[in-house]
1. Determine, yes or no, whether residue 121 is in contact with a helix residue (DSSP H, G or I) (Cβ under 7 Å, 6 or more places away or on another chain) and modelled with pLDDT of 80 or more.
2. Quick check on this structure: which one of 53, 114, 12, 16 is of a type in the set (Val, Ile, Thr) and at pLDDT below 70?
3. Residue under question is residue 39, and the condition is that it be modelled with pLDDT under 90 and not in a helix (DSSP H, G or I); does it hold?
4. Looking at 109, 83, can you tell me which residue is within 21 Å of residue 159 (Cβ to Cβ) and either loosely packed, with under 14 Cβ neighbours inside 10 Å or assigned by TED's automatic domain parsing to the domain that holds residue 191 (or both)?
5. If you check every pair at least six apart or on different chains, which have Cβ atoms under 6 Å apart with a residue in segment 82-109 that is of a type in the set (Gly, Ala, Ser) first and a residue that is in a loop (DSSP other than H, G, I, E, B) second?
6. Read through the list (1) surrounded by 14 or more Cβ atoms within 10 Å (Cβ to Cβ); (2) modelled with pLDDT of 85 or more, then give the number of the only condition that residue 228 fails.
7. Name the residues in segment 221-231 that are of a type in the set (A, V, I, L, M, F, W, C) and out of contact with any strand residue (DSSP E or B) (no Cβ under 7 Å at 6 or more places or on another chain), would you?
8. Pairs only if they're at least six apart or on different chains, beta carbon under 7 angstrom, first in segment 61-74 and closer than 12 Å to residue 199 by Cα, second of a type in the set (Gly, Ala, Ser) and surrounded by 11 or more Cβ atoms within 10 Å (Cβ to Cβ); list them, first residue then second.
Amino acid sequence: MWAADPDRSPTTLAVTESRLRLYVRPWFGERPIKRIGPPTFAVGKPTSNKSWTRPSAGPPPEEAGRLLAQFPLFWWDHVLCLLGTGLRFGEPAGLRRRRVHLNRALPVLQVVDTRYQAGRLGSGFKPRPKRDAGIREIPLAPQVVEAIRRRQLPPGTEPSALVFTGPGGGPGSHGGPGVPKGARTVLSRHNFHRTYHAALAKLADPTGELRSTAARALTALRAGGPHSLDRLTAALADRGRAIRPTTVQIALGKLVAAGLAAEVGEDTDRRWLALPAARDPCWRPWTCAGPTTSATPSRPGSRTPASQPGSSTR
């Protein structure tokens, strides 16, 4: 009946029929499109054999713990909140103190205010999400409650104060004064994105964080096989600056603790050998930011002072 309407243009009918053939017909088997109607509605098996699996909501606790250990200590509470609530980054970045209720029987936070960063179009805070469905209450796990308590301000602070803030430090806005380290600054999506990828790099390559002596010792062990302490000390002296045996032994202990080397043999014939540095097999990067546009991101190290009571960013 809809297609028989004389007001329908041939282009509209052609586009509609094409979409029906692509997206609707596969679910009805080989039945002709003209015969599909309410009296003869019957769903057959889809023609595609691809199996659909629900994407994971987040990393398991073991993987999340390994990732968390690679973040600077300042960011631990931020990451715990993101992992424990599933919030988008702009939601905890815009979370106000009045939206957190930790003294209820079931602690919750209310997602209302959000932070946005739109490049040349500016950045700031929105009083509500784009859709009404984005306004919601989220129950909090005990670990998230403790993380928020560590970030809460002293009693009597302005209710509109931000719960999660940046680390401070840096040159500040273009042409403005610098921001001292430790000052409460608004969170930057770009700054967190860099910090997150740096943590992923540490997780994928544990040798990148070794001190120079431990890195040299590991290189020598991989090149020459199992070494005793005296032989390894001599090998390091041949490849560069000489190092005291006590310092080499401390470096070997760090390699063993990191799972990059193993100790074999008896006390009289103790040797060390390098172990393969396997990448974490179960960690896959998850995106913490939406797709980028042609907008210019903030400069590395740039900070913006957090909003004060009475400012336009509240």
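1. Spelling it out, it is not the case that residue 121 is in contact with a helix residue (DSSP H, G or I) (Cβ under 7 Å, 6 or more places away or on another chain) and modelled with pLDDT of 80 or more.
2. Just one listed residue meets the conditions, 53.
3. no
4. Numbers: 83 fails: within 21 Å of residue 159 (Cβ to Cβ).
Sole residue among the options that is within 21 Å of residue 159 (Cβ to Cβ) and either loosely packed, with under 14 Cβ neighbours inside 10 Å or assigned by TED's automatic domain parsing to the domain that holds residue 191 (or both): 109.
5. Filtered contacts from segment 82-109: 84/141; 93/187; 94/113.
6. Of the numbered conditions (1) surrounded by 14 or more Cβ atoms within 10 Å (Cβ to Cβ); (2) modelled with pLDDT of 85 or more, the odd one out for residue 228 is (1).
7. If the condition is that a residue be of a type in the set (A, V, I, L, M, F, W, C) and out of contact with any strand residue (DSSP E or B) (no Cβ under 7 Å at 6 or more places or on another chain), then 223, 229 are the ones that fit.
8. Partner pairs satisfying both residue conditions: 67/199; 70/199; 71/199.
The values are calculated or read from the model by the stated rules, or taken from the named source; none is laboratory data. Everything numeric here is computed off the predicted structure, so don't read it as measured data. All Cβ positions, glycine included, derive from the backbone under ideal geometry; neighbour counts span all protein chains shown.
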